[in-house]
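K.L.:
Sharing a structure here in structure tokens format.
The values are calculated or read from the model by the stated rules, or taken from the named source; none is laboratory data. The structure presented is a predicted model; accordingly, all values stated were derived computationally and were not measured. Every residue, glycine among them, receives a Cβ derived from its backbone with ideal geometry; neighbour counts consider all protein chains shown.
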Amino acid sequence: MTVSTILFDLDGTLLEMQTEPFVKSYLVEVGRHVGDKYDTEKLLALVWDATKAMIMNQEPDKTNEQVFIEHFTEHSEWDREEIWPLFDSFYRDVFPTLSHLTYPSPWAKQIIAAAKEQGFRVAVATNPVFPRDAIHHRLAWIGMSPDDFELVTVYEESHFTKPNPGYYNEICQKLGVEPTDCVMVGNHMQEDMVASKLGMKTFLVTNWMEDRGEPQYQVDQRGSLEELFTAISEKSGVFAG
């Protein structure tokens, strides 16, 4: 089966970073933005629980955004109309300033350019637990925009998250491809390599690799961002078709 489409993870792959320290700092900034008017610890715990609800969700008719909002409002002592403007202003004004927590390099643009030169379709398969604005800001940190890809997964439009195989199935449906037409490129053994269960080829990026130990999934090829660039440029390994 000829590979036609490459799905790229964002955090730790195209955008070089360590996810856990980033998320911790991000939550600190959310708390700082919300200020003393609210019980910050309680609010952040609720945000985290609502995020977990998205990850556990199995209802295909609800977007991740809907699941998040439903869980948050059901368990919150505050009105959504009171809190959401604070979230919106955080993603608009504060989140763009967090690029110093990441390590953007030229590899991302070079890799995507090489993939397009070789005729591959490209999509960003980033875990859609963030709003559209936050994901688009992170693309900007690597000098790219949603227009550079056929699809960028965001929580407003996705119905599952990683590591649910349904997340990858939904991408394939939107792109009109079969899983066997795709290579999933990512740095996370559990969240990205799970795509192999659907028949996707996989490339594990090792620069900022994450592996929680179990479960383990099939890795067809692994290497650094430089080795990924070479493999795509030469249409070798999993990209050979």
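K.L.:
With basic (Lys, Arg) and modelled with pLDDT of 95 or more as the only criterion, which of Lys37, Lys116 stands out?
P.N.:
Testing whether each residue is basic (Lys, Arg) and modelled with pLDDT of 95 or more leaves just Lys116.
K.L.:
When you go through Val185, Val219, Val177, Val154 one by one, which is the residue that is in contact with an Asp or Glu (Cβ under 8 Å, 6 or more places away or on another chain) and of a type in the set (Val, Ile, Thr)?
P.N.:
Exactly one of Val185, Val219, Val177, Val154 is in contact with an Asp or Glu (Cβ under 8 Å, 6 or more places away or on another chain) and of a type in the set (Val, Ile, Thr), namely Val185.
K.L.:
Here is a further query. Just one of Leu10, Leu46, Leu27 is modelled with pLDDT of 90 or more, in contact with a helix residue (DSSP H, G or I) (Cβ under 8 Å, 6 or more places away or on another chain) and within 19 Å of His137 (Cβ to Cβ); which is it?
P.N.:
After ruling out the rest, the residue left standing is Leu10.
K.L.:
Okay, moving on. Does Thr202 meet the test of being under 17 Å from Gly241 (Cα atoms), β-branched (Val, Ile, Thr) and surrounded by 17 or more Cβ atoms within 10 Å (Cβ to Cβ)?
P.N.:
Yes.
K.L.:
Considering Met144, Met189, which residue is under 30 Å from Leu86 (Cα atoms) and touching a Leu at 6+ places or on another chain (Cβ under 9 Å)?
P.N.:
Met144
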